[in-house]
Structures are given as C-alpha cells and as structure tokens.
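In what follows, a single structure is set out as structure tokens and then discussed.
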Amino acid sequence: MKKANFTGLKNKTLVVGCGQLGATIANKFSKEGKNLLIIDESEHAFEQLSEDFSGYTIVGECTDLEVLEQAYIKTCKDIVIVTGDDSINVLVATIAKKIYNVPNVYVRLSDPDNEVLLKGLGVKVIFPLELSFDKFNLMRGGSK
C-alpha cells in the first residue's frame, strides 16, 4: 500500500475508518478508479483492504486536525466517515463541513437519535441498520 502523497490529484475522496464498512467502501471506490485515501488509527485495519487496493493509507487519529490535513481534507471533494463511534463520526463530519468546507460529507450513525447533532450542516447520514432492513424488505417483495 502507498503512503499518502496526493497533492496533484483532483476530486479526492477521503474515507475515515477502515473497519468492515470502511474497507468495503474503500475497495469499491478503488476498483472504480477514484483518487482515494483512507485513514485509521490502527495500521492493522488496512489488512482488510484488497490486494489490488490502489488508494493511499494514513495511520492516525481522525479527530486530530494535523492528521486530517495530512490526509488532504482541505482539497477533498467527498469524505465518508464510518468509524464505529457515533461521537467521533459527528465530530469529524462537523469539522469537515465547518472548518474545511468539504462539499460532500457522508457519515455513518448507529443511533438515529444522533442525527439531530448534524441538523443544518448539509451532511448525508447513513444508518446501516435501516439500509439492511430496507434491503431485506425489498428482497421480500415489500416497498420502502
């Protein structure tokens, strides 16, 4: 895997969190040829990335502004925040929108009650539980 150095690349996508969901998203984006960087606090988390992953990795705490700047957040077009902690996800989404003006912010939340913390920021919230239920319902022939 390559270490982050994507100064000249445009339309960058930053994925925050390399758990199962983050790795899946990063692998899919990598296959699509996106200019991609993924950040996680554990170097071992990157073992979940596919062998043909073509993005960049950075080890660091995602709430640290220096780490986010090393991850080129200032010039990201999209950021997908999918750590396992709603509090961290809300904080990083707020930082991405309020401080760095990232145009497209997607954030995973486990608890729907936390969505109110992002109200008015213009971020897109993903609830994996609801997505799973919707998919199950569609497979059963139901509608959303």
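Couple of notes before you dig in:
- Residues whose placed amide H lies under 5 Å from that of Ile38, excluding near-sequence neighbours: Val15, Tyr56, Thr57, Ile58
- Summarised in one figure, the compactness ratio Rg/Rh of the range 2-139, Cα atoms and Kirkwood Rh, is 0.96.
- Checking every one of the GluC sites (Glu not before Pro) in the range 28-66 against DSSP loop status and a limit of 14 other Cβ atoms within 10 Å picks out Glu32, Glu51, Glu61.
Any read-out appearing in this document is the output of simple, stated calculations on the displayed coordinates, not a laboratory observation. Just so it is clear, the model here is predicted, and its values are computed rather than measured. Heads up, the Cβs are rebuilt from the backbone with ideal geometry, glycines too, and the neighbour counts pull from every protein chain shown.
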